[in-house]
Amino acid sequence: MAAGGFCKLPDGMVVVALNLPSPGADGSPGVRVLVHARNRARALTRLRNLGMRAVYLRGNAAPPTPDEITAVLHHPDGLIWRKTPCGEVTPPELWHPIRALLRQPTAPV
């Protein structure tokens, strides 16, 4: 389950924003994922098809900001992410294509 929200665009499409926790329990920040799709169900299906099976959107507590909407609309895949801020006032990280998140190497066990 993830916190997040959505915004319906004038053309009927939606932008869904999800805050996903870090997969490890090491206290590292999670990620904010943005998806541009025809509707909320299709946006979540796109994430589930990438292997994020436990992703659900409950409510609209953290909808995408206008800057986030612009970023995802200008990306050719319509699916981007970046690390969530840890509370420090730092310049925000740039947006990455979802392929970069899925290719991240895991630490050896």
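Within region 20-61, the only residue that satisfies the criterion of being closer than 17 Å to W95 by Cβ and at pLDDT below 80 is P29.
Each residue in region 67-89 was checked for being of a type outside the set (F, W, Y), at pLDDT 80 or above and outside any helix (DSSP H, G or I), and 9 of them qualify.
Out of P64, P92, P10, one residue alone is modelled with pLDDT of 85 or more, surrounded by fewer than 12 Cβ atoms within 10 Å (Cβ to Cβ) and either part of a loop (DSSP other than H, G, I, E, B) or among the aromatic types (F, W, Y) (or both). It is P10.
The values are calculated or read from the model by the stated rules, or taken from the named source; none is laboratory data. Computed from a predicted model, the values in this text were never measured in an experiment. Note that each Cβ is placed from the backbone with ideal geometry, even for glycine, and that neighbours are counted across all protein chains shown.
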